[in-house]
Structures are given as structure tokens and as C-alpha cells.
Amino acid sequence: PGCRSCRRDRRGSDSTVKVLVCDDNPHRWEYFLPLTWLGHDVHCVGTVVEALLQLREHPWDFVALDHDFRGSVDDADAPAVITGRALALEIALMPVKPGLVVVHSMNQRGGAAMMSTLLAAGVNARREALSNVFMIDGGSG
């Protein structure tokens, strides 16, 4: 299952950006709807398991990650497998990393733990509020 409002066909052109949005709140998926108007491929998932499957099956140019998913606890010390930390760990271990990963979680400790994992693995990652995601230039530094 994917985002009802913003899922597009994966074929796309060379200039199509492949975006994976990992958040259990469908209202947050709407932030990415304008990308589909520009012809980009946006796929939204609402569970850690769905996100792990997508990360393993497809290359992504841009990945947006939340920390707290329904069924997880709002605790940075929770087992990683039930939070966005599992996704950060998966990305860290990928041989080919996404072009940019944005952690948009409001959970300060959880988001910081995800960023530490991503940055230690050399991932181009940023921590941003969801409302600021499209203001990112994607460059390093």
C-alpha cells in the first residue's frame, strides 16, 4: 500500500526524482503532493515494515523519515526495529545510499539518534521540520 494522494508510476524520465516518504500520518504525506505535479515519483508508506521493504526493493533519490510510528513508543531507547531508527540503520548499511535523507521527526532524542547513525555511515542527511523540507538545497555542509 502506498500514498493514496501522491503515488505515481515508477517509470518516469531521467529527471524524475524518486521520493520515499516514511511516516504513519497520512496528513503529512500531503506535504509531498506538489512533487507529483512536477512529474516526480512519490511513494508514501505508513509502517516501518513497508518502509524497509521499499528501501530494499528500489533505489531512492530522496527519503523522508519519521521516528515515531503507531505501535512504537515515544522513546529514543525503544528497540530500533519498531521506530524510524530501523530505517536509519537500513540506509546506513545500504551499498548505494539515497541522494538525500531528511529526518523530519519531532521526537528530539529519536531524531538525533537517527541522524547520528546516518551521518556516521556517510549518508547525506539533514534534520528538518517537515514544513521546511523543500527549502533544503541538497548540498553538503
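The values are calculated or read from the model by the stated rules, or taken from the named source; none is laboratory data. Model, not experiment: these values are computed from the prediction. When we count neighbours, we look across all protein chains shown, and the Cβ atoms used for this are built from the backbone with ideal geometry, even at glycine.
The set of residues in the range 32-44 that are assigned to a helix (DSSP H, G or I) and either in contact with a strand residue (DSSP E or B) (Cβ under 8 Å, 6 or more places away or on another chain) or modelled with pLDDT of 85 or more (or both) comprises F32, L33, L35, T36. Just so you know, in the range 49-69 the residues that are touching an Asp or Glu at 6+ places or on another chain (Cβ under 7 Å) and part of a helix (DSSP H, G or I) include one that is surrounded by the fewest Cβ atoms within 10 Å (Cβ to Cβ), and it is L52. Within this structure, F134 fails the test of being part of a loop (DSSP other than H, G, I, E, B), modelled with pLDDT under 90 and either touching a Leu at 6+ places or on another chain (Cβ under 9 Å) or surrounded by 15 or more Cβ atoms within 10 Å (Cβ to Cβ) (or both). Of the residues in the range 76-95, at least one is assigned to a loop (DSSP other than H, G, I, E, B), at pLDDT 90 or above and either surrounded by fewer than 19 Cβ atoms within 10 Å (Cβ to Cβ) or of a type in the set (F, W, Y) (or both).
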